[in-house]
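Undergrad: Submitted below is the structure of interest, expressed as structure tokens.
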Amino acid sequence: MAAKSYDMIVIGAGPGGYVAAIRGAQLGLSVAVVEREHMGGICLNWGCIPTKALLRSSEVFHLMHRAKEFGLSADNIAYDLDAVVKRSRGVAAQLNAGIGHLLKKNKVTAIMGEATLVAKGKVSVKTAKGTEELAGKNIVLATGARARELPGLEADGNLVWTYKTALTPPHMPKKLLVIGSGAIGIEFASFYNTLGADTTVVEVMDRILPVEDAEIATFAKKSFKKQGMTIMEKTMVKQLDRGNGKVIAHIEAGSKVEKVEFDTVISAVGIVGNVEGLGLEKLGIKEDRSHVVTDAYCRTNVDGIYAIGDLAAPPWLAHKASHEGVMVAELIAGLKPHAVKPESIAGCTYCHPQIASVGYTEAAAKEKGYNIKVGRFPFVGNGKAIALGEAEGMVKTIFDAKTGELLGAHMVGAEVTEMIQGYVIGRQLETTEEDLMQTVFPHPTLSEMMHESVLDAYGKVIHM
């Protein structure tokens, strides 16, 4: 049987792949998307979305304990972990069904199966019914990534978990160890700590949240410690001894190794790209430490083959994957899209308090040789934050002293993951400090702190 032919074949239907497929179809291309597991990928089924549903439950639980502050009363506050998880899975399922509908509506051929590149422009798909051969002028690799597992610290789904088990926990941890303090580690630490787990976070770098601005990470650390978390920096978990319902962790700090007992461990030490079984070697597609090497337009070293999202270069974020998907589809359709700039992509962490950032940290801006102006504004100086009972947080902005360019913005506090978009747009539009100062921010809102932080960088702050 002759291979079915398409203008564009997308392998993987996560936030990069399904968006690329839809945009390609909108532009008149014939598109097939191959997915081996879940429409919507990890983000929608096992990542961004269900974790936010869990964190929302813990946030409401936390607020219920604060009822008295707001003149309210709530007695016998409790949670049902199974019901919390069930809600989270329901949210994911609802969105998963929506992806199938969107692909159908846009006339994208969706194939459930495992794809392999057999030759340039040729893809073989193992489906439940057998093998299907596809031909495509352009192939977009969007197979994503999975949790990195360190030797001796491998997950077992019972005592040692990756994010997947942490989303559908077999038990509520009493004493929890989280290895790794990036966004995934900190979000799970925040969730389980709020529900009452005695939580310890271990980070090998010299500070938690290592990609964030140092000042913001220090602020967050103080807040986490106040909530009862134990934070260990410049520390490594050397081995895990698993016993009956318990794990003895060998924790190395400096030259000292301490043995500490936990009932649950979550490993969140980064990701590895899903490159296996794709047939990359056969075509000579370049890889670097499990990620496919691309140029700024997501083109691999083999003509007609692209790689987007977590399979390609960092930052490994869903919104970057989606944007790359659109860019690649437009490139294939003959348009001239702009390349996605990694330094203009915001990062958001939905712990309590939330953390959000875009652009360069203060240290990175200095390293790049910029002469900078830095502004800060605390939540405690904002009327809306006080009215919300969320007076803990800060907004920090970094400008090029010479040109007034907004180099970076970093926030910690309530709803900062929504606010950061203002600065993202600012960077996209090449806004200067003057533009931001002239902008009238509505009152009373948390966004006024964004204005005040800019004013502070130039010695014009009003409410501090």
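The values are calculated or read from the model by the stated rules, or taken from the named source; none is laboratory data. As the structure is a computational prediction, the values presented were derived from the model and not from experiment. Cβ atoms come from the backbone with ideal geometry, glycine included; neighbour counts cover every protein chain shown. The accessibility values were calculated without ligands, DNA or RNA, using every heavy atom of the protein model including side chains. Shrake-Rupley method; radii C 1.70, N 1.55, O 1.52, S 1.80 Å.
Undergrad: Can you work out which of the residues in segment 420-464 that are touching a Leu at 6+ places or on another chain (Cβ under 6 Å) and in a helix (DSSP H, G or I) is nearest to Ile386 (Cα to Cα)?
TA: Restricting to residues being touching a Leu at 6+ places or on another chain (Cβ under 6 Å) and in a helix (DSSP H, G or I), the top hit is Val454.
So that you can scan it fast, the table gives a plain yes or no per residue for (1) closer than 30 Å to Val374 by Cα; (2) in a loop (DSSP other than H, G, I, E, B); (3) of a type in the set (Lys, Arg); (4) modelled with pLDDT of 95 or more:
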residue: Ile216; (1), (2), (3), (4): yes, no, no, yes
residue: Lys222; (1), (2), (3), (4): yes, no, yes, yes
residue: Val237; (1), (2), (3), (4): no, no, no, yes
residue: Gly245; (1), (2), (3), (4): no, yes, no, no
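Undergrad: Let me ask something additional. Just need a number here: residues in segment 404-426 that are open to solvent by 10 Å² or more (accessible area, probe 1.4 Å) and β-branched (Val, Ile, Thr).
TA: 3
Undergrad: If you check Pro15 against the conditions, is it at pLDDT 95 or above and in a loop (DSSP other than H, G, I, E, B)?
TA: It is true that Pro15 is at pLDDT 95 or above and in a loop (DSSP other than H, G, I, E, B).
Undergrad: Could you count how many residues in segment 314-339 are surrounded by 22 or more Cβ atoms within 10 Å (Cβ to Cβ) and not in a helix (DSSP H, G or I)?
TA: Qualifying residue count for the region: 0.
Undergrad: Determine the pairs where a residue that is aliphatic (A, V, I, L, M), located within segment 216-228, has a partner that is surrounded by 15 or more Cβ atoms within 10 Å (Cβ to Cβ) and part of a helix (DSSP H, G or I) with Cβ atoms under 6 Å apart, the partner being 6 or more residues away or on another chain.
TA: From residues that are aliphatic (A, V, I, L, M), there are no pairs.
Undergrad: Output the number of the condition that Leu429 fails; it satisfies all remaining conditions of (1) hydrophobic (A, V, I, L, M, F, W, C); (2) open to solvent by 40 Å² or more (accessible area, probe 1.4 Å); (3) within 17 Å of Glu448 (Cβ to Cβ).
TA: Condition (3) is where Leu429 drops out.
Undergrad: Is there a residue in segment 75-89 that is in contact with a Leu (Cβ under 6 Å, 6 or more places away or on another chain), in a helix (DSSP H, G or I) and either touching a residue at least 40 places away in the same chain (Cβ under 8 Å) or among the small types (Gly, Ala, Ser) (or both)?
TA: Yes - at least one qualifying residue is present in segment 75-89.
Undergrad: Out of curiosity, is Lys104 under 30 Å from Ala333 (Cβ atoms), open to solvent by 60 Å² or more (accessible area, probe 1.4 Å), modelled with pLDDT under 95 and of a type in the set (D, E, K, R)?
TA: So Lys104 does not fit the description; no.
Undergrad: Continuing with the same structure: Could you say which residue among Ile231, Ile266, Ile251 is part of a strand (DSSP E or B) and under 27 Å from Glu362 (Cα atoms)?
TA: The conditions single out Ile231.
Undergrad: Assuming Phe61 fulfils every condition listed in (1) in a loop (DSSP other than H, G, I, E, B); (2) open to solvent by less than 40 Å² (accessible area, probe 1.4 Å); (3) aromatic (Phe, Trp, Tyr) apart from one, which condition is it?
TA: For Phe61, the failing item is (1).
Undergrad: Now for a separate question. Look at Leu134 and say whether it is modelled with pLDDT of 95 or more, buried (at least 17 other Cβ atoms within 10 Å of the Cβ) and under 19 Å from Asp263 (Cβ atoms).
TA: No: the conditions fail for Leu134.
Undergrad: Here's a follow-up. Among the residues of segment 239-283, write down those that are small (Gly, Ala, Ser) and open to solvent by 30 Å² or more (accessible area, probe 1.4 Å).
TA: If the condition is that a residue be small (Gly, Ala, Ser) and open to solvent by 30 Å² or more (accessible area, probe 1.4 Å), then Gly243, Gly245, Ala253, Gly254, Ser255, Gly270, Gly277 are the ones that fit.
Undergrad: Please work out which residue is most open to solvent (accessible area, probe 1.4 Å), limiting yourself to segment 155-204 and to residues that are in contact (Cβ under 8 Å) with a residue 60 or more places away in the chain, charged (D, E, K, R) and in a loop (DSSP other than H, G, I, E, B).
TA: Restricting to residues being in contact (Cβ under 8 Å) with a residue 60 or more places away in the chain, charged (D, E, K, R) and in a loop (DSSP other than H, G, I, E, B), the top hit is Lys174.
Undergrad: Among the residues of segment 347-368, is there at least one that is among the hydroxyl-bearing types (Ser, Thr, Tyr), more than 22 Å from Ala457 (Cα to Cα), modelled with pLDDT of 95 or more and in contact with a strand residue (DSSP E or B) (Cβ under 9 Å, 6 or more places away or on another chain)?
TA: The answer is yes, given that some residue of segment 347-368 is among the hydroxyl-bearing types (Ser, Thr, Tyr), more than 22 Å from Ala457 (Cα to Cα), modelled with pLDDT of 95 or more and in contact with a strand residue (DSSP E or B) (Cβ under 9 Å, 6 or more places away or on another chain).
Undergrad: Leu27 fails exactly one of the following numbered conditions: (1) out of contact with any strand residue (DSSP E or B) (no Cβ under 8 Å at 6 or more places or on another chain); (2) open to solvent by 60 Å² or more (accessible area, probe 1.4 Å); (3) closer than 29 Å to Gly121 by Cα. What is the number of that condition?
TA: Leu27 satisfies every listed condition except (2).
Undergrad: Go through (1) among the hydroxyl-bearing types (Ser, Thr, Tyr); (2) closer than 15 Å to Gly270 by Cα; (3) in contact with a Leu (Cβ under 6 Å, 6 or more places away or on another chain) and name the single condition Thr199 misses.
TA: (2)
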